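Below is one structure, written out as structure tokens; comments come after it.
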Amino acid sequence: MKEFYNWAVLGPGRIANKLADSLKILPQAKLYAVGSRALERAQEFADRHGFEKAYGSYDELMNDPEIDIIYISTPHIGHAKYAIECLKHKKAVLCEKPFAMNSGLVKEMIAAAKENNQFLMEALWTRFLPHIDKISQLITEGKIGEIKIVEADFGFIGNPDPTWRVFNPALGGGSLLDVGIYPLFLILHLLGTPDKISSFAQLSEHKIDEACTAIFKYEKAIATMHSSIITKTKTEANIFGSEGRLRLLGRFFNPTDIVYYDNEENSEKIHIPFEGNGFNYQAQEVMSCLDKGLKESPKWPLQSSLALSETMDKIIEQCGMVYPD
């Protein structure tokens, strides 16, 4: 077990602040370096969080031999490119979701990790939260019987400025890639790859989805997901089984509690304790895997990231969304 790992942030955007804050409560994590295309921005982020070094280019960051793990939090469009470059520089990589713009790029990332014998994991932080493990435990124990229906949504009202990331196709905008990935993850995590997908979207003038709905058909179950960047939704999830249901309370992708209902609608609230802001669980997973000499996470293996990306590809194709290249 290594005493500490030198962490670096490539792309100090909004979400990187959450990862940086989470590292501060992990004894094995050392806030070491930040890289941005503007030195001033990197230095400001480093000063705010206590990183030792700031670099004004991504190349400088990747060439620092003291870095153990690089967290990539650029806009979606750059995830695959920078992950592959970091892997070539022999760095372990934690890359923000979505892993890449399409499954072909995800395959290239996985190949690069194997070729360079490096650790790679998608930063789908929800997978590592305690309430997700608790759901799996309850289902395995037969608490709700056999899963029959899963419903999940995530919608918010975004800044309509077409140059803003979420509405900009050149930066990988749209509701599916930005927030729909969370309900989609939950469905695939619980039920696996569907037999059939039917999806629909409200497209912007730039051909990215402002709202998206997908229906998934399984042999013995169905599931639906909704995502939106033009309307606020409950952002809840419900898992209906033959013997009851589990309700994940609002902002289900965050640390949250669970309510169990039996078939008579008697309810029991299940409190799930957690630490930090929740991003610490995925960071700890990376370091635990490295301590064990693993190149991917058993909890969120690369094949799961690929399956998630392939499913999004199908939805994008069915809905007619358009992205550059």
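The values are calculated or read from the model by the stated rules, or taken from the named source; none is laboratory data. Since the structure is predicted, the reported quantities are computational estimates derived from the model, not experimental observations. Backbone-built Cβ (ideal geometry, glycine too); neighbour counts: all protein chains shown. When the accessible area is computed, the model is the full protein with side chains, heavy atoms only, and any ligands, DNA or RNA have been set aside. Shrake-Rupley method; radii C 1.70, N 1.55, O 1.52, S 1.80 Å.
Side notes on the structure shown:
- Restricting region 56-79 to residues that are assigned to a loop (DSSP other than H, G, I, E, B) and in contact (Cβ under 8 Å) with a residue 40 or more places away in the chain leaves a set whose member that is nearest to E285 (Cα to Cα) is D68.
- Among the residues making up region 189-234, those that are open to solvent by 30 Å² or more (accessible area, probe 1.4 Å) and closer than 15 Å to A307 by Cα are H189, L190, L191, T193, D195, K196.
- Residue, most open to solvent (accessible area, probe 1.4 Å), within region 32-45, restricted to residues that are within 22 Å of E85 (Cα to Cα) and part of a helix (DSSP H, G or I): R41
- If only residues of region 110-133 that are touching a helix residue (DSSP H, G or I) at 6+ places or on another chain (Cβ under 7 Å) and free of Cβ contacts under 8 Å to residues at least 60 places away in the same chain are counted, the one that is surrounded by the fewest Cβ atoms within 10 Å (Cβ to Cβ) is N116.
- Within region 1-15, the set of residues being in a loop (DSSP other than H, G, I, E, B) and under 22 Å from L129 (Cβ atoms) comprises just one member, G13.
- Single condition Y82 does not satisfy, out of (1) in a helix (DSSP H, G or I); (2) open to solvent by less than 10 Å² (accessible area, probe 1.4 Å); (3) of a type in the set (F, W, Y): (2)
- So K18, is it assigned to a helix (DSSP H, G or I) and either open to solvent by 90 Å² or more (accessible area, probe 1.4 Å) or of a type in the set (K, R) (or both): yes
- Yes/no for F99 being assigned to a loop (DSSP other than H, G, I, E, B), buried (at least 23 other Cβ atoms within 10 Å of the Cβ) and touching a helix residue (DSSP H, G or I) at 6+ places or on another chain (Cβ under 6 Å): yes
- Filter result for the condition that a residue is without any contact (Cβ under 8 Å) to a residue 40 or more places away in the chain, surrounded by 14 or more Cβ atoms within 10 Å (Cβ to Cβ) and over 14 Å from the mean Cα position of the chain (by Cα), over S267, S288: S288
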